[in-house]
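For reference, the structure discussed in these notes is given below.
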Amino acid sequence: MSGIAGIVRFDGAPVERELIEKMTAAMAYRGPDGVNHFVRGSIALGHCMLRTTPHSLHENQPLSSDDEAVTLVMDGRVDNWEDLRREVVMRGARLRGKSDAELVLRAYEIWGADCLGRIDGDFALAIWDERRREIFCARDRIGVKPFHYHWDGKTLVFASDLHAILALPWVPRTPNEGMLAEVMADEWYTRDETLWLGVMRLTAAHCMSVGGSAPLPRQYWAPDPWATLPCSSDDDYFAYYRDLLTESVRRRSRSHRELACEVSGGLDSSALFCLADSLERQGRLLAPGLEGYTVDFSDDAAANELSYARAAGAHVGRTIHEVSPTFHDIDWFAERAAAFLDMPGAPNGVALMGLHEHSASRGARVVLSGAGGDHFLSGSRVYYAEELAQHNWRKLNSCLRADVKASGFFQAVWLLFRYGLAPLLPPAAKNALRALVSQGGAGSRSSKYWLSSSMTVKLDERRSRLSMRRFPDLRFRSQQYLLEALYYPPDDWGRVQSERLDASFGVETRVPFYDHRFVQFAVSTPERLRLRGHRDKFIHVEALRTVLPPVICERVTKADFSNLFRMLFAPRQKALVKILSTRADWIEPRRIAELFESYVDNPRNGPENWILWGILCADLVMPRSR
């Protein structure tokens, strides 16, 4: 924790120490507790330390085995450290200390690459194996920790931050126009590329062993669509869910300092805060204290959740720290883009900076976040198709009755037909229905009228080559949506940007909903337990009714943060149109004004805010030709 870097030359040429030092200097903000290096011949590894657990207080990296045959650098932690320690000791490992890094090193010595199946947590790691003359690299299952790399045929370079790679003299700075097209169209397909050709990202749940030939990442984990749970009734699912989420919070609470918790007032973060409070009262919280923090959006009615956050605090007898939202102008984002040569974050994410900065100023090193709940808890009415396919008439009737109560008889029957019966129709009938529904609708999804012809060609090529991933061997129809959410490329970019912001304050954000066991639970859970009538996140609410305050259990609204984009765009709209119109190789100059006009007409609900933000970020990152 919290940054790694490395240079491995497979042509035998030595690595100059100043090169790895240059990389870690570019990431110095990641190492408030020290920066160290391992340089030996053609291998150089670097580590920037942020200590976030009691077991990390005496940890030093890079870390070598007793015979120095294996050397590790890791940004991350092991959340099942208790179980893993028992396993490696049973296999004869002699531990020199209590650090998570040593557990991973010993696990690799025992099981090799298969050790990943035994490690839970957020991590990006690299292990140089002197005996095999290869380096083993891996990234955690969800992709919380970043891992970038570059391969030129003889040298592998990797780092937490891509600008540390681009700081090396032999790494070219060539814009990746295909990736830029995806960003500016807000139409995403690619998970393993960056905005720079040749600088790649190791995809979540992937690993690779490089020994002189080109890296070939392979996936080491994916949720099993056919896995079943030991649940025979709704109440069984509720109990299983409650125990699983509580244990996920407990594991992620491990810190040598007071634990900070985001409390937005929504269902997800409020539940984590209340569970953490319960764990502390039981003496099971793995931190010496707990504090809740919320962002005070009282000046923005659409984003204001302050009353709910206060209700969560009152429910457990704690005062929630209220912090003003962070707002930066475009110049700040431009500075970030220039410094990191990457997307600089987005206004809605940056709004939380003050919360994390304030918690850090009070001594916290760990922040619990409710991110991920929307991905794996929100439901749809494909439960009709699922229950019909299983001939589960009793559950089907229960779903129908809930929809009648929520929406009325005729609307409920329409939902049954649309989501339950229509998918069973012959293909010809389905096509006829689609044609009927689409009459008079908007243009096709491929109509990205603001892109230049060359960028449109690049996007079309990617669309045909990297079209949305399909998962044919599924048990439930809803699993398609869950897996698409898990593998949605912009979310990986967002996690990288958020992690980088946190590192700049010396904190680590941990997300209980990103526990891979929780993801597997979601994939194995019937869709009818996620949505019931108008009650989204049904299983979450029912499982935690005794934990959450009633006002939050009954909440059905969500905050809207689109005003943060308007505050950025509105004062400089004319200037932005003028500046972005000069990117004629990317954008049709006449069309950028039309795009802004569409945004002004529908600033809250339209897609234009993300499209414009993508275009602006691309402009901020990429140098202009002189």
Could you sort 162-171, 194-203, 69-78, 324-333 so that the peptide with the highest average Cβ count within 10 Å comes first and the rest follow in order? 69-78, 194-203, 162-171, 324-333
Taking the inverse of the average 1/r across all pairs of different Cα atoms in the stretch 476-599, what Kirkwood radius in Å do you get? 19.0 Å
In nm, the gap between the two label points placed 7 Å beyond Cα toward Cβ at S298 and D473 is 5.7 nm
Kindly list the residues of the stretch 131-146 that lie in the label zone of A69, defined by a backbone N under 15 Å from the point 7 Å along the Cα-to-C-beta vector. 131-134
Cross-link partners of K154 among lysines (Cα-Cα below 25 Å; sequence separation of 8 or more within a chain): K22
Counting sequence-distant residues (5 or more places) and residues on other chains, those with an amide H built under 5 Å from that of R532 are F538
Where labels lie 7 Å past Cα in the beta-carbon direction, separation of A239 and V556 in nm: 3.0 nm
Separation in nanometres of the label points that stand 7 Å from Cα toward Cβ, at R362 and E18: 4.6 nm
How large are Rg and Dmax for the stretch 254-314 when only the alpha carbon atoms are used, in Å? 12.5, 39
Beyond a 30 Å Cα-Cα separation, which of these cross-linked pairs lie in this structure: K458/K558; K448/K574; K145/K395? K458/K558; K145/K395
State the extension gain, in nm to one decimal, for the chain segment bounded by W170 and W332, taking 0.36 nm per residue of separation less the distance between their alpha-carbons. 55.4 nm
If Rh is defined by the Kirkwood formula over all Cα pairs and Rg also comes from Cα, what ratio Rg/Rh do you get for the chain? 0.96
Subtracting the Cα-Cα distance from 0.36 nm times the residue separation, let me have the gained length for A406 to H534 in nm, one decimal. 45.5 nm
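Per-residue counts of other Cβ atoms within 10 Å, averaged by peptide: what ranking do you get for 103-111, 565-573, 87-95, highest first?
103-111, 565-573, 87-95
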Can you give the local net charge around F123? Use residues other than it whose beta-carbon is closer than 11 angstrom to its beta-carbon, Lys and Arg +1, Asp and Glu -1. -2
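Here, each number is a calculation from the coordinates, and none is a lab measurement. As the structure is a computational prediction, the values presented were derived from the model and not from experiment. As a convention, Cβ positions derive from the backbone with ideal geometry for all residues, glycine included, and neighbour counts pool all protein chains shown.
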